[in-house]
Amino acid sequence: MKVLLLNPPFFERFSRSSRSPATTKGGTIYYPIMLSYATGVLEKNGFEVKLIDAPARGYSRNEVIEIAKEFSPEMVVIDTSTPSIVNDVAVGCEIKSLTSSFIVFVGTHPSALPETTLRMDERIDAVAVGEYDYTILELAKALKTKKDLKTVNGIVFRKYKKIISNPSRHFIENLDELPFVSEVYKKHLNPKDYFFASAEYPMIMIMTGRGCPFRCFFCNYPQVFYGRKYRLRNPENVLAEFEYIVKNFPEVKEIGIEDDTFSADLERAKKICRLLIEHGINKKIKWWANTRVNLDLETMKLMKEAGCRLIIPGYESGVQQILNNIHKGITVEQSLEFAKNAKKAGLLVHGCFMFGLPGETKETIRQTIDFAKKLNPDTAQFFPLIVYPGTEAYEWAKKNNFLTTEDFSKWLTKEGLHNTVIKLPGFTSEELVRYCDQARREFYLRPSYLLYKVKQSLLHPSEARRNIRSFRNLFKYLLRGSAE
């Protein structure tokens, strides 16, 4: 049986797998991590599989349709997201009309709104809700053997024009039994198609655990996809994948650990670092990880020794009350200490900031911009609050009549850039986007920052290549903004 797994065409280099899907200003495009895991699970169980990442390869809709017709799959698994759902349904239904394949949608959006997704077009056959590695495998087996789909936990499907919701599927506890996602990349993808503006190029993204125990009210994946528990791969299993990447991807300069919060289990993080040092992997490849601002200096130094180059915290705001309002569970003082310690440890920081959070005013936005400049990370991103179905933030916006539309195509600008569809007291949606543009200009065009980047580029040629490529992508948005 043939299965096509598709990251469908949309905007050029649309990063569908990132936490806030969009065409990014810095040129970042994520690997289709979950689609790749599902590909590996299917192949491990004997299915003939094709994985297509259209935005990364630059494939048009017509090209994807021709690939699907030629491959002639019995099942097509389509990754989707809130801002791309309308486009993705159209692509999937066109494939359905031409191939008669069983069409199943996956991702955070259909996980939050499975029945709504199915009702968008009667040609959609099913939605896999949440973590779908084994759901897709069982669904493929059921289709192959003509078994009743009611036996497949984790799907919502259509039968005789009736929508049926099966019991949910338990999260995978033993993540070590999954194939390395990098093995799937080796067979199906090209690392040179992917880019992270804060990382050295080319890079690879993996996961060493799924889920996040923290309560941030806006974060999509823990609330609708991976859950609130941090489920872990064993450190030895993580080491083995690092070793596989070093051996099989000699061109790759950096590994991204795309767990929501790698530092959520500090003892395990330290053990992984010690293993990388003991086996000499720290001398062969660099890596980055998402962390919390309560990460201590001792662990930072160990991570640096283990080859870590970059850490990514969610600072979000420079105002304590706003951090409290979003259940962030951190303090402004911790953020300041984190920034100082990262410099002491020799780690670069990519800082994440957000405008439009509960309690936001023009004064608090000003405080956060000034706070970002005080923290002075190597790179920074400034997003308006983007509310996704299934999150506490979405329900907060609906309850308070802050949503300006429920047309999901409006979750992006006309160019495919990040947008917001909330209107707060004192702010229009457009004003929130413009404040992000202003913050970006103020941060990146400071003379002190530009001088720092020149010095960094002269001292470190690898950083020079990254800086040139990233700034080239970002510069046009610094000049004209994203809302103009």
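In summary, residue 445 fulfils each of the numbered conditions (1) loosely packed, with under 15 Cβ neighbours inside 10 Å; (2) within 23 Å of the chain's Cα centre (by Cα) with the single exception of condition (2). Scanning the stretch 359-378 for residues that are touching a residue at least 60 places away in the same chain (Cβ under 8 Å) and more than 28 Å from residue 302 (Cβ to Cβ) returns 360, 361, 362, 365, 368, 369, 373. Candidates in the stretch 128-154 are the residues that are among the polar types (S, T, N, Q) and part of a helix (DSSP H, G or I); of these, the one that is nearest to the chain's Cα centre (by Cα) is 135. When the stretch 307-325 is filtered for residues that are touching a strand residue (DSSP E or B) at 6+ places or on another chain (Cβ under 8 Å) and either part of a helix (DSSP H, G or I) or over 15 Å from residue 361 (Cβ atoms) (or both), the ones remaining, listed by number, are 307, 308, 309, 310, 311, 312, 313, 314, 315, 316, 322, 323. From the list 346, 356, 318, 329, which one is within 27 Å of residue 241 (Cα to Cα) and either assigned by TED's automatic domain parsing to the domain that holds residue 456 or surrounded by 21 or more Cβ atoms within 10 Å (Cβ to Cβ) (or both)? 346 is the lone residue from the list that is within 27 Å of residue 241 (Cα to Cα) and either assigned by TED's automatic domain parsing to the domain that holds residue 456 or surrounded by 21 or more Cβ atoms within 10 Å (Cβ to Cβ) (or both). The set of residues from the stretch 269-300 being in contact (Cβ under 8 Å) with a residue 40 or more places away in the chain and either within 18 Å of residue 339 (Cα to Cα) or assigned to a helix (DSSP H, G or I) (or both) comprises 272, 275, 281, 288, 292, 293, 294, 295, 296, 297, 300. Set side by side, the residues 470, 409, 462 differ, and just one is part of a helix (DSSP H, G or I) and surrounded by 16 or more Cβ atoms within 10 Å (Cβ to Cβ), which is 470. Among the numbered conditions (1) under 16 Å from residue 31 (Cα atoms); (2) part of a loop (DSSP other than H, G, I, E, B); (3) not hydroxyl-bearing (Ser, Thr, Tyr), the only one that residue 183 does not meet is (2). Restricting 123, 61 to residues that are farther than 17 Å from residue 409 by Cβ and either at pLDDT 95 or above or crowded, with 21+ Cβ neighbours inside 10 Å (or both) narrows the list to 123. For the stretch 26-62, the set of residues classified as without any contact (Cβ under 8 Å) to a residue 40 or more places away in the chain and either in contact with a helix residue (DSSP H, G or I) (Cβ under 9 Å, 6 or more places away or on another chain) or part of a helix (DSSP H, G or I) (or both) consists of 62 only. One residue stands out among those in the stretch 1-25 that are over 12 Å from the mean Cα position of the chain (by Cα) and outside any loop (DSSP other than H, G, I, E, B): the one that is farthest from residue 185 (Cα to Cα), which is 2. Would you mind stating whether residue 447 is farther than 25 Å from residue 373 by Cα and of a type outside the set (Ser, Thr, Tyr)? The answer is no for residue 447. Among the conditions (1) surrounded by fewer than 18 Cβ atoms within 10 Å (Cβ to Cβ); (2) in a helix (DSSP H, G or I), the only one that residue 229 does not satisfy is (2).
With the requirement that a residue be in a loop (DSSP other than H, G, I, E, B), without any contact (Cβ under 8 Å) to a residue 60 or more places away in the chain and in contact with an Asp or Glu (Cβ under 8 Å, 6 or more places away or on another chain), what does the stretch 155-180 give you? Listed by number, the residues that qualify are 161, 169, 172. If you filter the stretch 258-272 down to residues that are surrounded by 22 or more Cβ atoms within 10 Å (Cβ to Cβ) and hydrophobic (A, V, I, L, M, F, W, C), you find that the one that is farthest from the chain's Cα centre (by Cα) is 272. Selection of the stretch 78-120 for residues being over 21 Å from residue 20 (Cβ atoms), small (Gly, Ala, Ser) and crowded, with 22+ Cβ neighbours inside 10 Å yields 92, 101.
The values are calculated or read from the model by the stated rules, or taken from the named source; none is laboratory data. Since we're looking at a predicted model, the values are computed, not measured. Note that we place each Cβ from the backbone using ideal geometry, even for glycine, and neighbour counts take in every protein chain shown.
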